[in-house]
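Chemist: Here it is, the structure in full.
Computed from the coordinates by the stated procedures, all read-outs in this text should not be read as laboratory data. These numbers come from a predicted model, not from an experiment. Don't worry about glycine lacking a Cβ; one is built from the backbone with ideal geometry, like all the others, and counts go over all protein chains shown.
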Amino acid sequence: MNGIICINKPQDFTSFDVVAKLRGILRMKRLGHGGTLDPMATGVLPVFVGNATKACDIMPDNTKSYCAGFRLGQISDTQDVTGEILSCSDMPVEKDDILSVIPEFTGKIMQLPPMYSAVQVNGQRLYDLARKGIEVERKPREIEITELRLEDYSSQTREGKLYISCSKGTYIRTIISDIGEKLGCGGIMTSLVRTSSGGFTIDDCYTFEQIQQARDEERLEELILPIERAFEKLPKLRLNEAQTRMYRNGVKLNLTRVRGIRRDCDMYGVYGSDGGFIGTACADFEKDELRIGKNLA
């Protein structure tokens with residue numbers, strides 16, 4: 001069994017918890033997840049099964065989208081509702097106030113990773129240090145927010161929801177915390193649902209119970225998506241029989257002999273002589289070579 005099964009991750013599960021539970025349900029060990037989610041978060045978590053685990057780290061589409069609940073007027077040590085509240089503010093905030101600062105958090109921006117995160121500094125996870133009361137210097141990292149939209153807000157409760165489409169590695173609770181800081185009152189995340197990840201959406205997802213039932217009814221294959229779904233946005237190269245053998249053996253191909261090469265693109269999804277997806281490849285126009293990216297065959 002090879003491919004991708006998308007999980008609607010339940011609250012209070014880590015991504016590793018999801019993989020561990022699925023190993024029991026699917027009765028196989030070779031699984032990997034496609035993007036960490038905080039325990040409090042729910043939503044889309046692609047899980048790679050069998051040979052597809054080779055593709056975990058080469059997903060060409062790393063964009064993600066979220067629906068995040070927030071509350072203004074509070075600051076917590078974790079930047080969300082699960083942490084210790086450090087301070088409160090009674091400052092009133094209107095919808096227009098939020099709308100006025102949102103443009104500052106769109107596009108390519110620098111974000112400081114929170115202490116309660118899996119980022120490593122000198123070989124140590126930040127959340128391990130944070131739990132010991134240790135705060136260390138972190139370097140801001142560039143992220144990209146392609147869309148940031150205020151979906152709902154009540155000035156009475158100062159609670160609302162944001163829709164966020166962003167690049168891999170973005171901390172949503174930090175965006176909310178930074179917006180709260182910009183407004184002068186603080187802000188924390190109260191809920192988080194990942195609505196899409198790597199081209200997969202909630203509609204592609206199943207619960208543990210649905211997967212368990214499919215296993216009991218011997219129809220698990222119906223729930224497994226083909227690995228090429230993760231690479232369908234890449235231009236396609238179809239190799240002939242000889243080229244397919246060479247690709248499978250890790251041999252670089254001459255670009256002039258491969259049909260479908262485009263000068264405006266260097267990364268491709270590769271399909272063998274039988275039409276099946278076999279991996280990715282990168283075109284090196286200076287050396288006139290097609291290099292093997294990841295052989296998934």
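Chemist: Report those strands (runs of 3 or more DSSP E) wholly inside region 165-271 carrying at least 3 residues which are surrounded by 14 or more Cβ atoms within 10 Å (Cβ to Cβ). Step through it out loud before you land on a result.
Modeler: Details: elements: 187-197, 236-238, 267-271.
Strands (runs of 3 or more DSSP E) meeting the threshold: 187-197, 267-271.
Chemist: Can you confirm whether region 103-113 contains a residue that is among the small types (G, A, S) and over 22 Å from the mean Cα position of the chain (by Cα)?
Modeler: The answer is no, given that none of the residues of region 103-113 is among the small types (G, A, S) and over 22 Å from the mean Cα position of the chain (by Cα).
Chemist: Step by step: first the residues of region 50-83, then only those that are in contact (Cβ under 8 Å) with a residue 60 or more places away in the chain and farther than 20 Å from T36 by Cβ, then the one that is surrounded by the fewest Cβ atoms within 10 Å (Cβ to Cβ). Which residue is that?
Modeler: Only one residue fits best here, namely N51.
Chemist: Please specify each residue of region 136-163 satisfying the condition of being assigned to a strand (DSSP E or B), farther than 18 Å from I188 by Cβ and either out of contact with any strand residue (DSSP E or B) (no Cβ under 8 Å at 6 or more places or on another chain) or of a type in the set (D, E, K, R) (or both).
Modeler: If the condition is that a residue be assigned to a strand (DSSP E or B), farther than 18 Å from I188 by Cβ and either out of contact with any strand residue (DSSP E or B) (no Cβ under 8 Å at 6 or more places or on another chain) or of a type in the set (D, E, K, R) (or both), then R141, E142, E144, E147, R149 are the ones that fit.
Chemist: If you don't mind, there's one more thing I want to ask. Yes or no: A283 among the small types (G, A, S) and buried (at least 18 other Cβ atoms within 10 Å of the Cβ)?
Modeler: yes
Chemist: Could you list all residues from region 184-230 that are among the acidic types (D, E) and under 19 Å from A52 (Cβ atoms)?
Modeler: Within region 184-230, D204, E221, E222, E228 meet the criteria.
Chemist: Any idea which of (1) closer than 23 Å to F48 by Cα; (2) over 31 Å from the mean Cα position of the chain (by Cα) is the one N254 doesn't satisfy?
Modeler: (1)
Chemist: Could you please find all residues in region 125-164 being polar (S, T, N, Q) and surrounded by 13 or more Cβ atoms within 10 Å (Cβ to Cβ)? Give the derivation first.
Modeler: Filtering region 125-164 for residues polar (S, T, N, Q) gives 146, 154-157.
T146, S155, listed by residue number.
Chemist: Out of all the residues in region 70-97, which are β-branched (V, I, T) and touching a strand residue (DSSP E or B) at 6+ places or on another chain (Cβ under 7 Å)? Before you say what the answer is, go through the steps one by one.
Modeler: Applying the first criterion (β-branched (V, I, T)) to region 70-97 yields 75, 78, 81-82, 85, 93.
Scanning region 70-97 gives I75, V81, I85, V93.
Chemist: Could you grab the pairs with beta carbons closer than 6 Å, sequence gap of 6+ or different chains, first residue in region 223-237 and farther than 16 Å from C56 by Cβ, second one among the acidic types (D, E) and crowded, with 16+ Cβ neighbours inside 10 Å?
Modeler: Taking only residues 6 or more apart or on different chains, the pairs are K233/D61.
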